[in-house]
Amino acid sequence: MRKESLINIEGRNDLIRDSNSKAILSNNREALHAYREKKKQQDEFNKMKTEQSEIRQEINEIKVLLKSLLNKGNN
């Protein structure tokens with residue numbers, strides 16, 4: 001996208017229009033940075049939730065195996 005194809009929107013310092021595609025674009029770098037940071041944190045949170053779920057599943061599998069070993073030892 002070329003700078004000459006960008007048009008300022010009257011009354012809005014945070015928005016510009018691309019004269020080629022007619023798209024309205026945000027010019028707010030701080031908002032973009034905040035969005036990216038929030039997205040990164042959400043991705044990390046989701047990764048942690050997935051890992052926690054996997055750990056719980058593995059613990060349950062270990063419990064089943066231990067109970068099976070104990071039952072075999074008692075018989």
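The values are calculated or read from the model by the stated rules, or taken from the named source; none is laboratory data. Nothing here was measured: the structure is a model prediction, and the numbers come from that model. Heads up, the Cβs are rebuilt from the backbone with ideal geometry, glycines too, and the neighbour counts pull from every protein chain shown.
Return yes when Glu30 is assigned to a helix (DSSP H, G or I), surrounded by 10 or more Cβ atoms within 10 Å (Cβ to Cβ) and free of Cβ contacts under 8 Å to residues at least 40 places away in the same chain and no when it is not. Write out each step before concluding.
Values: assigned to a helix (DSSP H, G or I): yes; surrounded by 10 or more Cβ atoms within 10 Å (Cβ to Cβ): no; free of Cβ contacts under 8 Å to residues at least 40 places away in the same chain: yes.
No: the conditions fail for Glu30.
Conditions (1) modelled with pLDDT of 95 or more; (2) in a helix (DSSP H, G or I); (3) of a type in the set (Asp, Glu), marked per residue:
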position: Asn8; (1), (2), (3): no, no, no
position: Asp14; (1), (2), (3): no, no, yes
position: Leu25; (1), (2), (3): no, no, no
position: Arg36; (1), (2), (3): yes, yes, no
position: Gln52; (1), (2), (3): yes, yes, no
position: Gln57; (1), (2), (3): yes, yes, no
position: Leu66; (1), (2), (3): yes, yes, no
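Does region 13-22 contain at least one residue that is out of contact with any strand residue (DSSP E or B) (no Cβ under 6 Å at 6 or more places or on another chain) and surrounded by fewer than 10 Cβ atoms within 10 Å (Cβ to Cβ)?
yes
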